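> Structure below; questions to follow.
The values are calculated or read from the model by the stated rules, or taken from the named source; none is laboratory data. Computed from a predicted structure; not experimentally measured. Methodologically, a virtual Cβ is constructed for each residue, glycine included, from the backbone with ideal geometry; neighbour enumeration extends over all protein chains shown.
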Amino acid sequence: MQKKRRRKRRKHILWGFLLFLTIAYGLLAGVTWVGGYFGKKFSSLETSIGKPEIELNKLNSKAAILRELDSGKVLGRKEEDKRIYPASLTKIMTVVLAMEKLGNLEHTTVLESDIFPELYAEGASMAGFAPGDQVSYRDLFYGAMLPSGAECCEALARVCEGTEAAFAESMNEKAEELEMKHTHFTNATGLHNKNHYTTAEDLSRLLSYALKNPEFYEIFTSKSHTMAPTTSQPGGFTVYSTMGQEMERNQITEEGILGGKTGYTSQAGLCLGSLISINGKKYILITAGASGTHDTEPKHILDAAEVCEQLRNTCL
């Protein structure tokens, strides 16, 4: 009888222990699930509140990307991988590459007469030099970037590589080095060619790289520059940033835009690569494919002003 009672007691203890383990496992699994669920929710909430993206989908430009200058972090995007034509944003590559290839920026070169006829025929923007002018490399850089002078780009290409075609090959090698995987250059000016293309993402990589060069940064953020005297301009002359002029003409007073390079062809639309500073932080904005021309409302610059306003109203 006592043996039966002991076996019965042991059986009850065993079942009780199994029941305890079952309840404990259930509670542990429940706590883990609840913790994981709410942990993901809180993590998602922290991301959406603490690190929001800037809304670019409503911009006039068909493609755009916004990056922090220092970290390279992308804060907003719109069709950033879509193939676009860069127009005169090409000159960012032309200038930074020529800076790296050339030595003393005070050295000079003579602008050959055969540079000009084709550029005039294409209706390319010019800085104001004439055939036979002897110009320093530094003035060519300013002439290429501020008034978007095509003759300056052609001259730089010839000084660096002998011909524009050879220089374009160097541009493509540099693009590969910068991991601009969807870019191909055929010229130094940005005049339209179906095989001359890029993306907003690739251009943001290029501008981020270029702005690390102090000389480039100085030119990119300048509003004007006075050229040294030349044969055609014995008193020298002053060139102005096309972006600055468009902002002044359209009464856009956005102080957050530190500098920029505009671009336009009928195929590319209005394009802009800009450097923005808001609340002590600097950002790179690339926009491309806005409708209009140089004679219409500057929707590419208005897009940059809109992004500045968003950055002011967003905690980043």
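> Working only within segment 76-99, note down all residues that are part of a strand (DSSP E or B) and more than 12 Å from the chain's Cα centre (by Cα). Talk me through it step by step, then tell me what you get.
Taking segment 76-99 and keeping what is part of a strand (DSSP E or B), we get 76-78, 84.
Once the filter is applied, which keeps residues that are part of a strand (DSSP E or B) and more than 12 Å from the chain's Cα centre (by Cα), segment 76-99 yields Lys78, Ile84.
> Moving on. Can you tell me which of (1) at positive phi; (2) assigned to a helix (DSSP H, G or I) is the one Arg138 doesn't meet?
(1)
> Can you name the residue in segment 263-299 that is in contact with a Pro (Cβ under 8 Å, 6 or more places away or on another chain) and crowded, with 24+ Cβ neighbours inside 10 Å and, of all such residues, is farthest from Asn313 (Cα to Cα)?
Per the criteria, the residue is Gly263.
> Please identify the pairs in which a residue from segment 182-199 that is farther than 18 Å from Ala98 by Cα has its Cβ atom under 6 Å from the Cβ atom of a residue that is of a type in the set (D, E, K, R) and at pLDDT 95 or above, counting only partners at least 6 apart or on another chain.
That search, which allows pairs on different chains as well, returns His182/Asp202; Thr183/Asp202; Tyr197/Arg83; Thr199/Asp81.
> Please verify whether segment 180-201 includes one or more residues that are part of a helix (DSSP H, G or I) and either of a type outside the set (A, V, I, L, M) or in contact with an Asp or Glu (Cβ under 8 Å, 6 or more places away or on another chain) (or both). Walk me through how you get there before you give the answer.
Going through segment 180-201, the residues part of a helix (DSSP H, G or I) turn out to be 200-201.
From what is left, the residues that are either of a type outside the set (A, V, I, L, M) or in contact with an Asp or Glu (Cβ under 8 Å, 6 or more places away or on another chain) (or both) are 200-201.
There is at least one residue in segment 180-201 that is part of a helix (DSSP H, G or I) and either of a type outside the set (A, V, I, L, M) or in contact with an Asp or Glu (Cβ under 8 Å, 6 or more places away or on another chain) (or both).
> Out of curiosity, is Glu173 farther than 24 Å from Lys62 by Cβ, modelled with pLDDT of 95 or more and of a type in the set (D, E, K, R)? Talk me through it step by step, then tell me what you get.
Details: farther than 24 Å from Lys62 by Cβ: yes; modelled with pLDDT of 95 or more: yes; of a type in the set (D, E, K, R): yes.
In short, yes.
> A further question follows. Among (1) surrounded by fewer than 19 Cβ atoms within 10 Å (Cβ to Cβ); (2) hydroxyl-bearing (Ser, Thr, Tyr); (3) outside any helix (DSSP H, G or I), there is one condition Tyr217 misses while meeting the rest; what is its number?
(3)
> Return the pairs, sorted by first residue and then second, in which the second residue is surrounded by fewer than 19 Cβ atoms within 10 Å (Cβ to Cβ) and of a type outside the set (Ser, Thr, Tyr), the first residue lies in segment 232-248 and is free of Cβ contacts under 8 Å to residues at least 40 places away in the same chain, the beta carbons are less than 7 Å apart, and the residues are 6+ apart or on different chains.
From segment 232-248, the pairs are Gly235/Pro229; Gly236/Ala228; Gly236/Pro229; Gly244/Lys223.
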